[in-house]
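Undergrad: Sending over a structure as structure tokens; questions will come in a sec.
The values are calculated or read from the model by the stated rules, or taken from the named source; none is laboratory data. Values in this document were obtained by computation on a predicted structure and should not be read as measured data. Cβ atoms come from the backbone with ideal geometry, glycine included; neighbour counts cover every protein chain shown. We work out accessible area using only protein heavy atoms, side chains counted, and drop any ligands, DNA or RNA first. Shrake-Rupley method; radii C 1.70, N 1.55, O 1.52, S 1.80 Å.
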Amino acid sequence: MANSRPIVVSGMRPTGRLHLGHLHGALANWVRLQADHDCYFFSADWHALTTSYDRTEVVKQSEREMFVDFIAAGIDPERATLFVQSQVKQHAELFLLLGMITPLGWLERSPSYKEMRENITDRDLALYGFLGYPVLMTADIILYKATRVPVGADQVSHLELCREIVRRFNFHYGPVFPEPQPLLTEAPKVLGTDGRKMSKSYGNAIDLGESAESTTKKIMGMVTDPARKRRQDPGNPDVCGIFYLHKVYSTPDTVAWVDANCRTAGIGCVDCKRKLLEKLGPDQERMREKREALLARPKDLDDIVQLGTRKARDAAERTMVQVREAMRIG
Ligand code: TRP
Ligand code: SF4
């Protein structure tokens, strides 16, 4: 049966609970895509090993939480295929085959590879698997013949590599794979409670589905415009994480109201935060309830992931049949 909907693949490394940065940076976009795309969203557990090879126990724990977060955020398992990378062994087979045609220079020149080698100093990353990260990512994508890959700007260089590998494969063995394009939707900026980018490792995150109470505590303690020291000082919303959250959660009218009244000191930061919580609090509660309902039915969650994994495996195997044939091997 011909498939008329564009195929989308994206994955996330299971590294723990997701936060509002993940929600608005990636998940919200995934949720929108499932309406008119064939979506495959997966746990990149093998990719997680490239940096967590010495903490493998957290990978599986995090994975459960991550799938729960996906669904709480609005991913609908009836529409999107949710699966686990390591349970579809075809990813490993294609990864191996692509490794035969991927020049080392392409990998060594990858900007994110160089950057991570420089920034992560507490672990030895001079590893074959780490260097091969984008090759495995290429396999993840092209196994499903995806044409669109929603990723953050930091992953765009990986996708360029992916397209180069695809061109090389198609040149040697015939046109098996389409060239996937990154789907870069403008993600709103989400700052953490300390005013830096929201990140688990900074300890400044508000988790997806944190209780209204705990969310309120964090928001009330959140850094605002650092220059606005007293209530009567005018503020600059453009440097304030609360304002960025208003842009995500509040109506355009409220955003305009905050913008104007912050600059004239018409409102204080406490008023501004309370206003934000009118929407953010219930939104978080809704996701908390959804998370709890899912966690209370572990069997249902297992079924969802198992079913998705089976579906992914079938699609992946169909592609591998073509690959083996094109390469005259296996
Ligand atoms: N590298 C991605 C990240 O760190 C995760 C990932 C693995 C991925 N395989 C993928 C994303 C395939 C998109 C498509 O965020
Ligand atoms: Fe930030 Fe609102 Fe305070 Fe302005 S009034 S600095 S936008 S919290």
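Undergrad: Around residue 149, which amide H atoms from residues at least 5 apart in sequence, or from another chain, sit under 5 Å from its own amide H, with H modelled in the peptide plane?
TA: The answer is 181, 183.
Undergrad: Distance check, please: which entries in 145/247; 197/290; 60/275; 197/275; 114/229 exceed 32 angstrom between their Cα atoms?
TA: On the way: 145/247 35 Å; 197/290 27 Å; 60/275 38 Å; 197/275 22 Å; 114/229 41 Å.
Pairs exceeding 32 Å: 145/247; 60/275; 114/229.
Undergrad: Can you spot the lysines whose alpha carbon is less than 16 Å from residue 200's alpha carbon? Ignore those fewer than 8 places along the same chain.
TA: Partners within reach: 189, 218.
Undergrad: Sticking with this one: Over the chain, with the other protein chains present, what is the accessible area per residue in square angstrom, probe 1.4 angstrom?
TA: The answer is 49 Å² per residue.
Undergrad: For region 246-330, build the charge dipole from Cβ charges (+1 Lys, Arg; -1 Asp, Glu) around the Cα centre, then report which of 312, 256, 287 sits farthest towards its positive end.
TA: 312
Undergrad: How many Å³ per residue does the convex hull of the Cα positions in region 62-133 occupy?
TA: On the way: hull volume 10.9 nm³, N = 72.
Taking the convex hull of the Cα positions in region 62-133, it is 152 Å³ per residue.
Undergrad: What do you get for the angle between helix 252-263 and the principal long axis of the chain? Use alpha-carbon atoms, 0 to 90 degrees, nearest ten.
TA: It works out to around 60 degrees.
Undergrad: When ranked by the protection proxy of mean other Cβ atoms within 10 Å per residue, highest first, what sequence do the peptides 288-296, 37-45 form?
TA: On the way: 288-296: 15.1, 37-45: 24.1.
Answer by packing, highest mean first, reads 37-45, 288-296.
Undergrad: Also, I was wondering about something else. Compute the convex hull volume of the Cα atoms of region 98-167, divide it by the residue count, and report the result per residue in Å³ as a whole number.
TA: Hull volume over Cα atoms, normalised by residue count, gives 92 Å³.
Undergrad: I would also like to ask the following. Suppose we keep just the alpha-carbon trace of region 1-133; what are its Rg and Dmax in angstrom?
TA: 16.3, 50
Undergrad: Suppose R0 equals 30 Å. What FRET efficiency, 1/(1 + (r/R0)^6) with r the Cβ-Cβ distance, do residue 279 and residue 232 give to the nearest 0.05?
TA: 0.65
Undergrad: Using a basic spin-label model with each label point 7 Å from the Cα along Cα→Cβ, how many nm lie between residue 212 and residue 61?
TA: 3.0
Undergrad: Hey, another quick one. Enter the mean projected area of the convex hull around the alpha-carbon atoms of region 126-210, in nm², rounded to one decimal. If you can, show how the numbers build up before the last one.
TA: Numbers: hull surface 31.6 nm².
The number I arrive at for region 126-210 is 7.9 nm².
Undergrad: With +1 assigned to the C-beta of every Lys and Arg and -1 to the C-beta of every Asp and Glu, and no other charges, what is the dipole magnitude of the chain about the Cα centre in debye, to the nearest 20?
TA: Using only the charged Cβ atoms, the result is roughly 280 debye.
Undergrad: Between residue 101 and residues 5 or more places away or on another chain, which pairs have amide H atoms under 5 Å apart, with H built 1.01 Å from N, and which residues are they?
TA: Under 5 Å from the amide H of residue 101: no residue qualifies.
Undergrad: Using the Karplus equation 6.51 cos²θ - 1.76 cosθ + 1.60 (θ = phi - 60°), what ³J(HN,Hα) coupling, rounded to whole Hz, does each residue of region 48-53 give in order, writing x for Gly and Pro?
TA: Values per residue, Gly and Pro as x: 4, 5, 4, 10, 10, 4 Hz.
Undergrad: Also, quick follow-up: At a 1.4 Å probe, what is the % contribution of carbon and sulfur to the accessible area of region 201-330?
TA: Result for region 201-330: 54 percent of the exposed heavy-atom area is carbon or sulfur.
Undergrad: Okay, moving on. Quick one: 3J(HN,Hα) in Hz for region 156-167, Karplus 6.51/-1.76/1.60 with θ = phi - 60°, rounded, Gly and Pro as x.
TA: Karplus values, whole Hz, x for Gly and Pro: 5, 5, 5, 6, 5, 4, 4, 5, 5, 5, 4, 4.
Undergrad: Dividing the convex hull volume of the alpha carbon atoms of the chain by its residue count, what do you get in Å³ per residue? Intermediate values should be presented prior to the final figure.
TA: Numbers: hull volume 48.1 nm³, N = 330.
Output value, Cα hull per residue: 146 Å³.
Undergrad: Short version: ³J(HN,Hα) in whole Hz for each residue of region 79-91, in order, from phi by Karplus 6.51 cos²θ - 1.76 cosθ + 1.60 (θ = phi - 60°), x for Gly and Pro, what are they?
TA: 9, 9, 9, 9, 8, 10, 3, 5, 8, 10, 5, 4, 4
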